[in-house]
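A.B. asks: Before anything else, here's the structure in question.
The values are calculated or read from the model by the stated rules, or taken from the named source; none is laboratory data. Given the structure is predicted, the values throughout are model-derived calculations rather than measurements. Cβ: placed from backbone, ideal geometry, glycine included. Neighbour counts: every protein chain shown. Just so you know, the surface numbers come from the protein's heavy atoms only, side chains and all, with ligands and any DNA or RNA stripped out. Shrake-Rupley method; radii C 1.70, N 1.55, O 1.52, S 1.80 Å.
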Amino acid sequence: EKGGWPTFMKKEISEEPEAVGKTLIGRIVDGAVHLPELESFDGLLTDIDRIVVLACGTAAYASLVGKYAIESWARIPVDVELSHEFHYRDPVIGERTLVVSVSQSGETMDTLLAVQYAKKHGARTLSICNTQGATIPRESDAVLYTHAGPEVAVASTKAFVAQITALYLLGLHLATIRGTLDAPAVSALVEELQNLPAKLDQVVETSGERIADFARWMGDVQSVLFLGRHAGYPIALEGALKLKELAYIHAEGFAAGELKHGPIALIEPGQLVIVIVPSPRDPNSLHPKVISNIQEIRARGARVIAVAEIGDVEVLPFADEVIRIPLAGPLFEPLLAVVPLHVFAMELATAKGLDVDQPRNLAKSVTVE
Ligand code: M6R
């Protein structure tokens, strides 16, 4: 039920804060992560030497964000694989590989086949899924449900932030049992997670109208590039996918550092580029590098919309428009930065008079190979 909202997608974007909040419920006790769902793995989680994450589309981009966090916190190598590429290339997996599948529907055939292959080759399998009792969780050794609630619009939005939340819980759980983070460090990160729903609320409230305004003057845009770095890179990929799916506009996401290795050749006067700008507060911040990328593309005539944290004044002289997000740690910013990109794709599609909930040629769950 749309409950008064004009589209399911608009409703589901407004539920992104709640999707994170509900995925955390019952899983944090006294500042520590509590995941009884993983008890059946016993000693395995201390023994694994590698994690392979299997997913498609938006779920694969959520998985890539998870990779940045899990590697940093739990010091385990994480490979994110598109499910449909995985089992057709004789991948290296074994008993010390934990295979994590990420799927909103739990019915994506490509991911199901990849999970079955991994099981057959000795890996233990964990499903991160939003749909109770779906096929992929039933075929897996354990399941960590996301609690985003039913997602109806074909474009995945609230499930994306819930998937990242579940992967972060997994990362903090692994860091705890493997001793790579001490209790105060875990508790500080847990607090950042718990602060996310309120910050997401703020983004949902503030980004809507401004973006609807841009979308009206951008109705005829032919191509949009998205740039991000570190965990902002998968967010750029996600922003581009949403724009293709919903507004049928050519869009590409790039790692900002990759610009000079090719994509900068695409920049010509008027090219619209959306840049996810990391916070300048972190001493190791990539902020100066991303600002210099913006200068390079502006010098070639690009129009730049920056998604930057509140108080980042350094970005102002270089961007045509700035969308603000609240302050958060480097691994938590991406969850905030994605909301304006979801809104942007929805508003551009709406401005073009398109069906936002049911874009052409797409199905909500892809149950064939
Ligand atoms: O149900 P799943 O999470 O397995 O679906 C994976 C993709 O098909 C899905 O995320 C798709 O990319 C969406 N349409 C993206 O908005």
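A.B. asks: Could you list, in their original order, any pairs among Lys260/Lys289; Lys120/Lys364; Lys244/Lys352 whose Cα atoms are separated by more than 21 Å?
C.D. replies: Cα-Cα > 21 Å for Lys120/Lys364; rest within.
A.B. asks: Counting other Cβ atoms within 10 Å, keep those with at most 14, restrict to DSSP loop, and tell me which GluC sites (Glu not before Pro) in the range 297-359 are left.
C.D. replies: Answer in residue order: Glu314.
A.B. asks: Moving on. Less than 20 Å apart at the alpha-carbon level, and either on another chain or at least 8 residues along: which lysines does that give for Lys199?
C.D. replies: Hits, sequence-local ones excluded: Lys10, Lys11, Lys22, Lys158.
A.B. asks: Here's a follow-up. Can you give the accessible area per residue of the chain, in Å², using a 1.4 Å probe?
C.D. replies: Result: 40 Å² of accessible area for each residue.
A.B. asks: Could you tell me what percent of the accessible area of the range 211-369 is made up of carbon and sulfur, with a 1.4 Å probe and every protein chain present?
C.D. replies: Carbon and sulfur together cover 53 percent of it.
A.B. asks: Given Cα pairs under 8 Å that are at least 6 residues apart, what percent is the relative contact order of the chain?
C.D. replies: 20 percent
A.B. asks: Still on this structure: D for the range 22-65, whole µm²/s, Stokes-Einstein with Kirkwood Rh over alpha-carbon pairs at 4 °C and 1.567 mPa s: what number?
C.D. replies: Approximately 100 µm²/s, per Stokes-Einstein.
A.B. asks: Quick one: putting +1 on the C-beta of Lys and Arg, -1 on the C-beta of Asp and Glu, what dipole do you get for the chain around its Cα centre, in Debye to the nearest 20?
C.D. replies: Dipole size: approximately 440 debye.
A.B. asks: Helix 57-74: angle to the longest alpha-carbon principal axis of the chain, degrees 0 to 90, nearest 10?
C.D. replies: Relative to the chain, helix 57-74 is tipped by roughly 70 degrees.
A.B. asks: Sticking with this one: Taking every pair of alpha-carbon atoms in the range 155-201, give the share separated by more than 17 Å as a whole percent.
C.D. replies: The proportion of pairs with Cα distances above 17 Å equals 38 percent.
A.B. asks: Using the Cβ atoms and a cut-off under 15 Å, what net charge is assigned to the surroundings of Gly21, where Lys and Arg are +1 and Asp and Glu are -1?
C.D. replies: Net of charged neighbours comes to -3.
A.B. asks: While we're looking at this one, here's another question. Can you list residues from other chains, or at least 5 along the same chain, whose modelled amide H is less than 5 Å from the amide H of Val307?
C.D. replies: Long-range HN contacts for Val307: Val275, Ile276, Val277, Ile323.
A.B. asks: Looking at Ser223, Tyr88, Gln132, which one has the Cα that reaches farthest to the positive end of the dipole of the chain (charges on Cβ: Lys, Arg +1; Asp, Glu -1)?
C.D. replies: Most positive-ward Cα: Ser223.
A.B. asks: Do the sum for the chain: with -39,500 (n - 2.57) for every DSSP H run of n ≥ 4, divided by all residues, what is the mean residue ellipticity at 222 nm, to the nearest 500 deg cm²/dmol?
C.D. replies: Result for the chain: -14000 deg cm²/dmol, rounded to the nearest 500.
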